[in-house]
1. Of all residues in region 110-162, count the ones that are assigned to a helix (DSSP H, G or I) and either more than 19 Å from A83 (Cβ to Cβ) or aliphatic (A, V, I, L, M) (or both).
2. Residue by residue through region 1-33, note down the ones that are away from the ligand (no atom under 16 Å from the Cβ) and either closer than 11 Å to L234 by Cα or β-branched (V, I, T) (or both).
3. For region 292-304, how many residues meet the condition of being out of contact with any Asp or Glu (no Cβ under 8 Å at 6 or more places or on another chain) and either buried (at least 22 other Cβ atoms within 10 Å of the Cβ) or touching a residue at least 24 places away in the same chain (Cβ under 8 Å) (or both)?
4. For region 242-253, check the following and say yes or no: at least one residue is in contact with a helix residue (DSSP H, G or I) (Cβ under 7 Å, 6 or more places away or on another chain), within 22 Å of G329 (Cα to Cα), touching a residue at least 12 places away in the same chain (Cβ under 8 Å) and in a loop (DSSP other than H, G, I, E, B).
5. I'd like to know if region 118-137 contains one or more residues that are at pLDDT below 95 and either in contact with a helix residue (DSSP H, G or I) (Cβ under 8 Å, 6 or more places away or on another chain) or of a type in the set (A, V, I, L, M, F, W, C) (or both).
6. Is it the case that region 214-221 has a residue that's within 12 Å of the ligand (Cβ to nearest atom) and in a helix (DSSP H, G or I)?
7. Does T252 satisfy the condition of being among the hydroxyl-bearing types (S, T, Y), in contact with a strand residue (DSSP E or B) (Cβ under 9 Å, 6 or more places away or on another chain) and away from the ligand (no atom under 16 Å from the Cβ)?
8. Quick check, is E145 in contact with a Ser or Thr (Cβ under 6 Å, 6 or more places away or on another chain), touching a residue at least 40 places away in the same chain (Cβ under 8 Å) and charged (D, E, K, R)?
Amino acid sequence: MTQRARIFLFDTTLRDGQQTPGVDFSLAEKIDIAAKLDALGIDFIEGGYPGANPVDTAFFAERRTAKAKFTAFGMTKRAGVSASNDPGLAALLSAKADAICFVAKAWDYHVHVALGCTLDENLENVSASVAAAKARGFEPLVDCEHFFDGWKANPDYALSVAKAAFGAGARWVVLCDTNGGTQPSEVRAAVDAAIDAGIPGDRLGIHAHNDTGQAVANSLAAIEGGARQIQGTLNGIGERCGNANLTTLIPTLALKPFYAERFEIGVPIRAIQNLTRLSKGFDEMLNRAPDAQAPYVGQSAFATKAGIHASAIVKEPKTYEHVPPETVGNRRRVMVSDQGGKSNFLAELGHRGIEVDKADPRLDTLIALVKEREAEGYAPS
Ligand SMILES: [Zn+2]
């Protein structure tokens, strides 16, 4: 068997995920979520921005993970001061973390407008910050913000930011689709360009947003191109349309033969069997209604309504299911409905432990009653 490439999963639920409107984690919630992600087998858990607010500063007062690399997020040093004289960088370097993920602007337009420093000063800020983190024993990562838009506008400069990070010793150079508008073919071309520029694929990561519904596809395109780290969030939370959904990516990488044959992840199969419960529990904590149509873990992910499908599913589940529901801890649901025939009812009754003969006249009475109720507006569950 050929050796599979290891894909590293980086969770940013507690940092980028907190940009979701209405989401504000307490310290206790951060501790709880970090423990669950650690138990799941995530490689990096980004906990927030120490020094930026009291909760994040308290969260980074001690290490919160046993296995995963506990990661602090923050800005590179400012222009005009040395790394040792920058208070923001000092707060970051005093965090009890294993890794530090710096955010660096990779689009020349943003350097001019938002940072107000020269393009060269920005490169120097990246290099000096990475070197300072490395010297203090942290694993340095650099999120190249707006990388894809920057690469389209000024490819040389976007790549020079990535190269500055790599050259200064960043373990991971993460290409970020900050505005979320990039398409998979463009991600693939940009990853190729970064590798051609001298950054090995096993040092590249992808951070995708879902503004065109492609965050998962873009993450997969990047690893097919050679990148080896994926950043995402639980249930795909995040600002606007969300971040790449790790709850979708994890089973895809582990269960879909195309990926499972080529790649391996740190999340074991038995932990994936707990994914539906983890996803639901997270929604409950956020007080959000779960997305019934969420891939793999949604209530409707393995539900069928039409009678002809239902009878086939009961006989041979593979006919209408792309993976067995129990592999992600979900279950098959045969919906009793207006369109459904007797087999739906028999399957659903069977699931509830009630065996009924197909010819039992009470079955027709039950079906008529349910259809009448549905016509009045009751919904099956
Ligand atoms: Zn982001």
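1. Residues of region 110-162 that are assigned to a helix (DSSP H, G or I), as a first pass: 110-115, 119-135, 147-153, 155-162.
Among the residues that remain, those that are also either more than 19 Å from A83 (Cβ to Cβ) or aliphatic (A, V, I, L, M) (or both) are: 110-115, 119, 123, 126, 128, 130-133, 135, 147-153, 155-162.
Here the count works out to 30.
2. At the first step, the residues of region 1-33 found to be away from the ligand (no atom under 16 Å from the Cβ) are 1-8, 22, 24-33.
Those that are away from the ligand (no atom under 16 Å from the Cβ) and either closer than 11 Å to L234 by Cα or β-branched (V, I, T) (or both): T2, I7, I31, I33.
3. Restricting attention to region 292-304, the residues satisfying the condition of being out of contact with any Asp or Glu (no Cβ under 8 Å at 6 or more places or on another chain) are 292-297, 299-301, 303-304.
Adding the requirement that they be either buried (at least 22 other Cβ atoms within 10 Å of the Cβ) or touching a residue at least 24 places away in the same chain (Cβ under 8 Å) (or both) leaves 294-297, 299-301, 303-304.
The qualifying residues number 9.
4. Our first condition is that a residue be in contact with a helix residue (DSSP H, G or I) (Cβ under 7 Å, 6 or more places away or on another chain); within region 242-253, this holds for 242-253.
Cutting the leftovers down to within 22 Å of G329 (Cα to Cα) gives us 244-253.
Adding the requirement that they be touching a residue at least 12 places away in the same chain (Cβ under 8 Å) leaves 244-253.
Those still in the list that are in a loop (DSSP other than H, G, I, E, B) too: 244.
Yes, because at least one residue in region 242-253 is in contact with a helix residue (DSSP H, G or I) (Cβ under 7 Å, 6 or more places away or on another chain), within 22 Å of G329 (Cα to Cα), touching a residue at least 12 places away in the same chain (Cβ under 8 Å) and in a loop (DSSP other than H, G, I, E, B).
5. If we filter region 118-137 for residues that are at pLDDT below 95, which is where we start, we get none.
Within region 118-137, none of the residues are at pLDDT below 95 and either in contact with a helix residue (DSSP H, G or I) (Cβ under 8 Å, 6 or more places away or on another chain) or of a type in the set (A, V, I, L, M, F, W, C) (or both).
6. We begin by selecting, within region 214-221, every residue within 12 Å of the ligand (Cβ to nearest atom); these are 215.
Those still in the list that are in a helix (DSSP H, G or I) too: 215.
Among the residues of region 214-221, at least one is within 12 Å of the ligand (Cβ to nearest atom) and in a helix (DSSP H, G or I), which makes the answer yes.
7. Values: among the hydroxyl-bearing types (S, T, Y): yes; in contact with a strand residue (DSSP E or B) (Cβ under 9 Å, 6 or more places away or on another chain): no; away from the ligand (no atom under 16 Å from the Cβ): yes.
Spelling it out, it is not the case that T252 is among the hydroxyl-bearing types (S, T, Y), in contact with a strand residue (DSSP E or B) (Cβ under 9 Å, 6 or more places away or on another chain) and away from the ligand (no atom under 16 Å from the Cβ).
8. Values: in contact with a Ser or Thr (Cβ under 6 Å, 6 or more places away or on another chain): yes; touching a residue at least 40 places away in the same chain (Cβ under 8 Å): yes; charged (D, E, K, R): yes.
Here the answer is yes, as E145 does meet what is asked.
The values are calculated or read from the model by the stated rules, or taken from the named source; none is laboratory data. Bear in mind the structure is a predicted one, so any value in this text is a computation, not a measurement. Note that each Cβ is placed from the backbone with ideal geometry, even for glycine, and that neighbours are counted across all protein chains shown.
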